[in-house]
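Here, each number is a calculation from the coordinates, and none is a lab measurement. Predicted, not measured: the structure shown is a model, and the values here were computed from it. Neighbour counts are summed over all protein chains in view; Cβ atoms, including those assigned to glycine, are modelled from backbone coordinates with ideal geometry.
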Amino acid sequence: MILVAGSANLDFVVSARHIPAPGETVLGEHFQTFPGGKGANQAVACARASGAETHMLLALGRDDFAKPLTDALSQAGVVQHTVWSEQPTGCAFICVSSGGDNAITVAPGANAALRPEHLASHVGALTGVSHLLMQLETPLQTVACYAKAAREAGVQVVLNAAPAQPLPSDLLTNVDVLVVNEGELFAVVQAKTGQQPLSITLALQALDVPAVVVTLGARGSCAWVNNTLVAQPSFQVDVVDTTGAGDTFCGALTGALSQGIEMAQALRTASAAGALACTQLGAQSSMPTAQTVAQFLEQHRPAQDSAVHSLLAYCSASPSP
Ligand code: RIB
């Protein structure tokens, strides 16, 4: 069983031709609300894309914004352990450009009320939990305490260090699988070593974590595990909205790892799930089922050697200044 501990937000999404620059006003097109939050997105992705039994520890406000979030989690089959807070339910304000890019501002609200003691009070002992999946939209101290408790209980800790921030060393010590994008990887390594890494490959190797996975957007993803670099080029899809694609990747990856699937195949499954999540508007609304992922993988051959080589070459090149 997988336990996700993290954020849940109601996403206020507006599509516009482009994302406004500072001081600019743009006239948008459609407006919709969607269930979101990195934690809830990853829990839904895990349950849907892998079919694994998924629980979530989350904090919500006692307001109307909470219901669509709990409904979406229930619909995906995620068992909820909810801390009810006097703070308002978390919200995210998202602008999606016609190219599918996004800019997100989060008002954490109740997510900031998730405390170290809530693991024991709302979940109890971690009996039956194989993996704990977390992100950084809840307080860092809470994340660090949960990781420590999981390590002590023999539970594998998967941390998606997003949004980027310096990580305390006592948190990284208790992480088994770290998932970051390129910017987050460089931020974590620079905070740890005090130096800008010379390449993605060297950055992956600089962290004392058993497995480090970096997502590279349209290029694909790589993992440094057992002293080996595993590369998975991306799948080409028609992009509508990239919101939640990284979360889908993390949820699907954790689901696959919990089923004993080795990293190379888990990366391929997570990449397929993440690609499919880009083809519709919204975060959770676009997450594929295990059956859809399996069909997509059947229709797509394993990556060609040339694609793998160019991804590896990108990882060993110096970052652009
Ligand atoms: O990763 C996407 C998510 O980030 C959105 O759903 C939004 O709620 C923010 O948490």
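Rounding to the nearest 20 debye, state how big the charge dipole of the stretch 32-103 is about its Cα centre with +1 on each Lys and Arg Cβ and -1 on each Asp and Glu Cβ.
100 debye
Please tell me the relative contact order of the stretch 117-196 in percent, rounded to the nearest whole number, where contacts are Cα pairs under 8 Å and at least six residues apart. Provide the component values of the computation, followed by the final result.
Values: 99 pairs, mean separation 21.2, N = 80.
RCO, the stretch 117-196: 27 percent.
Shape call for the stretch 184-305 from the C-alpha gyration tensor, a ≥ b ≥ c root eigenvalues: rounded (a/c under 1.5), prolate (a/b greater than b/c) or oblate? Before the final figure, lay out the partial values.
On the way: a/c = 1.98, a/b = 1.59, b/c = 1.25.
The shape class here is prolate.
Under the convention that each Lys and Arg Cβ holds +1 and each Asp and Glu Cβ holds -1, the size of the dipole of the stretch 140-237 around its Cα centre is about 80 debye.
Under 8 Å for C-alpha pairs, at least 6 residues apart: give me the relative contact order for the stretch 231-294, rounded to a whole percent. The partial results should precede the final answer.
Values: 90 pairs, mean separation 27.6, N = 64.
With pairs under 8 Å counted, the relative contact order is 43 percent.
With the gyration tensor restricted to C-alpha atoms of the stretch 212-264, the semi-axes of the equivalent ellipsoid amount to 21, 14, 9 Å, longest first. Of all DSSP-defined beta bridges confined to the stretch 73-194, some 45% are antiparallel rather than parallel. Which translational diffusion coefficient, to the nearest whole µm²/s, is obtained for the stretch 166-242 from the Stokes-Einstein equation, given a Kirkwood hydrodynamic radius over C-alpha pairs, 4 °C and 1.567 mPa s? The estimated diffusion coefficient comes to 99 µm²/s. Which FRET efficiency value, to the nearest 0.05, do you get for GLN265 and LYS192 by plugging their Cβ-Cβ distance into 1/(1 + (r/R0)^6) with R0 = 35 Å? Here the calculated transfer efficiency is 0.75.
Placing +1 on the Cβ of every Lys and Arg and -1 on the Cβ of every Asp and Glu, with no other charges, gives the stretch 182-249 a dipole of roughly 260 debye about its Cα centre.
Global size of the stretch 41-123: 14.1, 45 Å for Rg and Dmax (C-alpha atoms, Rg to one decimal, Dmax whole).
Can you pull the Kirkwood radius for the chain, inverse mean 1/r over Cα pairs, to one decimal in Å? Don't jump to the answer; show the numbers that get you there.
Working: mean 1/r = 0.0511 Å⁻¹.
Radius from the Kirkwood sum: 19.6 Å.
Working from label points 7 Å from Cα in the Cα-to-Cβ sense, the LYS67 to SER310 distance is 5.0 nm. The orientation-averaged projection of the convex hull spanning the C-alpha atoms of the stretch 110-225 amounts to 7.5 square nanometres. For a paramagnetic label modelled at 7 Å from the Cα of ALA153 toward its Cβ, which residues of the stretch 45-80 fall within the zone defined by backbone nitrogen distances under 16 Å? Once the point is set 7 Å along Cα→Cβ of ALA153, 53-58, 79-80 turn out to lie under 16 Å by backbone N, inside the stretch 45-80.
Using the rule -39500 (n - 2.57) for each DSSP H run of four or more residues, divided by the residues of the chain, the 222 nm mean residue ellipticity is -10500 deg cm²/dmol. Our note on the geometry: Cα centres of the stretch 1-76 and the stretch 258-321, 21 Å apart.
With an 8 Å Cα cut-off and a minimum separation of 6 or more residues, compute the relative contact order for the stretch 191-298 in percent. Write down the numbers at each step before the final one.
Numbers: 151 pairs, mean separation 23.2, N = 108.
Normalised by residue count, the contact order of the stretch 191-298 is 21 percent.
Estimated from the Cβ-Cβ distance and a Förster radius of 35 angstrom, the FRET efficiency linking ARG115 and GLN32 is about 0.60.
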